[in-house]
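One structure coming up, written as structure tokens, with questions to follow.
The values are calculated or read from the model by the stated rules, or taken from the named source; none is laboratory data. All values derive from a computational prediction rather than experimental measurement. Cβ sites come from the backbone with ideal geometry, for glycine too, and all protein chains shown count toward neighbours. Accessible surface areas use protein heavy atoms only, side chains included; no ligands, DNA or RNA. Shrake-Rupley method; radii C 1.70, N 1.55, O 1.52, S 1.80 Å.
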Amino acid sequence: MWGAPGAPAPKKRRNGGLVAAVLVAALVAGGIGGGIGFWAANRSDTNSTTVSASGDPEALNRKPTSVSGIAQKALPSVVTIEAQGATGEGGTGTGFVYDKQGHILTNNHVVASAAQGGKLTATFSNGKKYDAEVIGRAQGYDVAVIKLKNPSDANLVPLPLGKSANVQVGDATIAIGAPFGLSGTVTTGIISAKNRPVASSDGGGATPSYMSALQTDASINPGNSGGPLMDASGSVIGINSAIQSAGNGGGGFGGESQQSGSIGLGFAIPIDQAKRVADDLIKKGQPVYPQIGAQVLMRDTGDGATIPQNGGADGSAAITPNGPADKAGLKPGDTITKLDNTVIDSGPTLISTIYQHKPGDKVTLTYKRGGKEHTAQVTLGQRTGDK
């Protein structure tokens, strides 16, 4: 794919010359190797040049705060999840121990195939496998909570949760997961960006999820989904959820064989948001979404998120009567360009930014109407459940 289009084919004579040159080089190398071998065999072996390593543990830097130390502590709390639907479809992903009651935090797209009458298992690093059940799923957030059915003999040590709000670009990251089914894989990198608007999908026609993601260059691949992204202290700062792929343009990654591998652009759901969603799922069994009570166009224009003049195809209104946007004075045709200090360049960016908040939060929207800029304070409403 990197060849110049229309370039003339190499002449056969040059191909032959290239092969000959390679063969000659191989023969020369072989001859030199044979000569050295003969010379060494006829020398006395009393003067060995081999140097033995001291094996000093301190030099290996396996302190608790090292990558090795963090990995050894975290691996027993990370599980490989196998999900199989009622008709046999499924895949492999990752999760981690959320609490001592046996709740495991992961991605929705990891367990979705097993949510309706399928089979779900979680395997720990010691090889012990447990049947599990879905406690709650949030499609829009791509977060799910499952629970071990019989965790009496399981070693349930919850991973410590950090503060994703405190993360800075350049911070070190550690990712643990089961890429392509290879459980217990540890990779490292940095936070290469934050507040990255990402709309992801598993490629199967499911409802997209939206996140204002932590971007990392830690090598993560299909099967890393739902695994922890940790900081240099060993605290979870995000849930690995999506990758940008040179092969398919990006998307979620469970255990799907059609997915391409890492190109150094991985995205994680900030743990501050994921924790709030997980607690709702455990308490209510359903997700709770903040909303402004207005539809927006989803095409990426780069100019903002525009409220359509007409409502949805299902007959719903562009602005919910008496909803947050209506109360704040927004109208069909308005284009939202900022939420607080965050620039809004599209509908997905607006949604992912709203999802960082919780219902009841007050935000300031900047919008354009008739070429003029206006601001309005909006108290976010809520929607319960996926639809």
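Which of the helices (runs of 4 or more DSSP H) found entirely inside segment 269-387 contain at least 1 residues meeting this: crowded, with 16+ Cβ neighbours inside 10 Å and at pLDDT below 95?
347-354
Right, something else. Please work out which one of (1) open to solvent by less than 20 Å² (accessible area, probe 1.4 Å); (2) touching a Phe, Trp or Tyr at 6+ places or on another chain (Cβ under 7 Å) is the condition Ser245 fails and give its number.
(2)
Residue check, Gly254 against (1) modelled with pLDDT under 70; (2) under 19 Å from Thr106 (Cβ atoms); (3) surrounded by fewer than 21 Cβ atoms within 10 Å (Cβ to Cβ), all met but one. Which one?
Gly254 satisfies all of (1) modelled with pLDDT under 70; (2) under 19 Å from Thr106 (Cβ atoms); (3) surrounded by fewer than 21 Cβ atoms within 10 Å (Cβ to Cβ) except (3).
I want to confirm something. Restricting to segment 257-268 and keeping residues that are surrounded by 17 or more Cβ atoms within 10 Å (Cβ to Cβ) and more than 8 Å from the chain's Cα centre (by Cα), which single residue is modelled with the lowest pLDDT?
Gln259
List every residue pair whose Cβ atoms sit under 9 Å apart, with the two residues 6 or more apart in sequence or on different chains, where the first one lies in segment 164-177 and is at negative phi and in a loop (DSSP other than H, G, I, E, B) and the second, anywhere, is of a type outside the set (S, T, N, Q) and open to solvent by 40 Å² or more (accessible area, probe 1.4 Å).
Hits for this filter: Val167/Lys194; Gln168/Lys194; Val169/Ile190; Val169/Lys194; Asp171/Ile190; Asp171/Ala232.
Do we find that Ile344 is of a type in the set (A, V, I, L, M), over 24 Å from Gln273 (Cα atoms) and in contact (Cβ under 8 Å) with a residue 24 or more places away in the chain in this structure?
So Ile344 fails the test.
Has segment 160-178 got at least one residue that is of a type outside the set (Val, Ile, Thr), in contact with a Lys or Arg (Cβ under 7 Å, 6 or more places away or on another chain) and either open to solvent by less than 60 Å² (accessible area, probe 1.4 Å) or over 16 Å from Asn224 (Cα atoms) (or both)?
The answer is yes, given that some residue of segment 160-178 is of a type outside the set (Val, Ile, Thr), in contact with a Lys or Arg (Cβ under 7 Å, 6 or more places away or on another chain) and either open to solvent by less than 60 Å² (accessible area, probe 1.4 Å) or over 16 Å from Asn224 (Cα atoms) (or both).
So Ala86 clears everything in (1) among the hydrophobic types (A, V, I, L, M, F, W, C); (2) within 21 Å of Gln286 (Cβ to Cβ); (3) surrounded by fewer than 17 Cβ atoms within 10 Å (Cβ to Cβ) except one condition, right? Which one?
Ala86 satisfies all of (1) among the hydrophobic types (A, V, I, L, M, F, W, C); (2) within 21 Å of Gln286 (Cβ to Cβ); (3) surrounded by fewer than 17 Cβ atoms within 10 Å (Cβ to Cβ) except (2).
Which one of the conditions (1) polar (S, T, N, Q); (2) closer than 25 Å to Tyr289 by Cα; (3) surrounded by fewer than 16 Cβ atoms within 10 Å (Cβ to Cβ) does Ser201 fail to meet, given that it meets all the rest?
If we test Ser201 against (1) polar (S, T, N, Q); (2) closer than 25 Å to Tyr289 by Cα; (3) surrounded by fewer than 16 Cβ atoms within 10 Å (Cβ to Cβ), just (3) comes out false.
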